[in-house]
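For reference, the structure discussed in these notes is given below.
The values are calculated or read from the model by the stated rules, or taken from the named source; none is laboratory data. Please read these numbers as outputs of a predicted model, since none were measured by experiment. Here Cβ is always computed from backbone atoms with ideal geometry, including for glycine, and neighbour counts include all displayed protein chains.
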Amino acid sequence: MKVRVYVRLKPSILDPQGRTVLRAAQQMGYSEIQQVRIGKLIELDIDASDKNEVESRVQELSRKLLSNPQMEEFDLEWSLEEN
Amino acid sequence: MKKTNSNISKWGVVVFPGSNCDHDGLDAIGRICGQNAIEIWHKEDHIQDLDGILLPGGFSYGDYLRAGAIARFSSVVAHLPEYVENGKLVIGICNGFQVLTESGLLPGVLMQNEKIRFICKEIFIRVERADTAFTTEYKEGQVLCIPIAHNEGNFYLPVDELSVLEDNNQVIFRYCDKDGNVTDEANPNGSVNNIAGIINEQGNVLGMMPHPERRCDPILGKPDGEPLFRSMINHITTR
């Protein structure tokens, strides 16, 4: 199965990259855009048929390696689709 | 623990794929300071007989994921907690500092520079304490001119943890102007409280973004970095 790990900066952390993109978007005339935050999308293919088997391990990996809990948080999105 | 020669300390400079300041470190400790400095491949298991370890600058594993995030799972870094527990000295410079925060040996995190730019220039830092294993050859309040070269040097800690760090006097270097004033203008990367270098609670692990190893040979300018290595060597050889 597949899992998408969305890693994003905590709300309390400034995102200078997002701020710059926001400014560019507004200069292009997209004045309705109020905020831009930039994160990462990490896709994992996992040899398992049941989310429950691997969820705690994926959580652990996301906490230990894929994100830095000091500045980031993450969400998991599961899907059963095969390649 | 075997002591090789009482006056010559044995150093390991760790080499990760993508390290690029390892030779500067070897040169500073080996040629300039006359110590026994060797390269240590990141897969090495035997580090406990070294007197000091330098985690050098560079782009370990291409800075993939986050700077230092992959290197922290290397064999050498896995052995560091035991090494540190034994009171041995570790210095992480630039990418080495990032590896130390990622591994949890030092608190905090080094985020992208506030202005999203790689900064490579000479800056000034103030020595906050001259009573640590890393700074006895400096004077408290001394201003050093040392280069920085980084994209992720923006030191951050949540407010409550930051006050613990400050209360414990773990901040060793702060960005300042040439007269030693710690100002926003003198802060190159957005670090909280202008922090440029910190030590652990035990006082034997230092992480810093500026590159003292690039200011050890007088041919490169005033050797403001050399006393840092001399301090560490004195600490080891007089123990």
Check: In the range B:12-96, which strands (runs of 3 or more DSSP E) lie fully inside it and hold 1 or more residues that are touching a strand residue (DSSP E or B) at 6+ places or on another chain (Cβ under 8 Å), in contact (Cβ under 8 Å) with a residue 60 or more places away in the chain and at negative phi?
Finding: B:52-55, B:89-93
Notebook entry, point to check: Does residue A:6 count as within 27 Å of residue B:159 (Cα to Cα), of a type in the set (Ser, Thr, Tyr) and modelled with pLDDT of 95 or more?
Noted result: yes
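Condition check ((1) β-branched (Val, Ile, Thr); (2) over 19 Å from residue B:90 (Cβ atoms)) across all residues:
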{"residue": "B:140", "(1), (2)": "no, yes"}
{"residue": "B:160", "(1), (2)": "no, yes"}
{"residue": "B:167", "(1), (2)": "no, yes"}
{"residue": "B:188", "(1), (2)": "no, yes"}
{"residue": "B:205", "(1), (2)": "yes, no"}
{"residue": "B:213", "(1), (2)": "no, no"}
{"residue": "B:216", "(1), (2)": "no, no"}
{"residue": "B:223", "(1), (2)": "no, yes"}
{"residue": "B:239", "(1), (2)": "no, no"}
Note to self: Pairs please, first residue from the range A:15-31 and more than 9 Å from chain B (Cβ to nearest Cβ) and more than 18 Å from residue B:191 (Cα to Cα), second anywhere and assigned to a loop (DSSP other than H, G, I, E, B) and basic (Lys, Arg), Cβ atoms under 6 Å, 6+ apart in sequence or on different chains.
What the structure shows: A:18/A:37
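Conditions (1) of a type in the set (S, T, N, Q); (2) more than 14 Å from chain A (Cβ to nearest Cβ), marked per residue:
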residue: B:34; (1), (2): no, yes
residue: B:45; (1), (2): no, yes
residue: B:70; (1), (2): no, no
residue: B:90; (1), (2): no, yes
residue: B:98; (1), (2): yes, no
Check: Taking the range B:138-173 only, how many residues are surrounded by 13 or more Cβ atoms within 10 Å (Cβ to Cβ) and closer than 26 Å to residue B:213 by Cβ?
Finding: 23
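Among the residues of the range B:73-81, are any within 15 Å of the chain's Cα centre (by Cα), buried (at least 19 other Cβ atoms within 10 Å of the Cβ) and within 30 Å of residue B:222 (Cα to Cα)? Steps first, please.
Of the range B:73-81, the ones within 15 Å of the chain's Cα centre (by Cα) are B:77, B:80.
With buried (at least 19 other Cβ atoms within 10 Å of the Cβ) added as a condition, the list becomes B:77, B:80.
Next cut, within 30 Å of residue B:222 (Cα to Cα) only: none.
No, the range B:73-81 has no match at all.
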Check: So, in the range B:100-114, of the ones that are surrounded by fewer than 24 Cβ atoms within 10 Å (Cβ to Cβ) and closer than 19 Å to residue A:8 by Cα, which residue ends up nearest to the other protein chains (Cβ to nearest Cβ)?
Finding: B:109
Next item on the list: Pull up the range B:117-161, narrow it to residues that are part of a loop (DSSP other than H, G, I, E, B) and free of Cβ contacts under 8 Å to residues at least 12 places away in the same chain, then point me to the one that is farthest from the other protein chains (Cβ to nearest Cβ).
Entry: B:131
Next item on the list: Return the total of residues in the range A:8-49 being over 19 Å from residue B:116 (Cα atoms), among the aliphatic types (A, V, I, L, M) and not in a strand (DSSP E or B).
Entry: 4
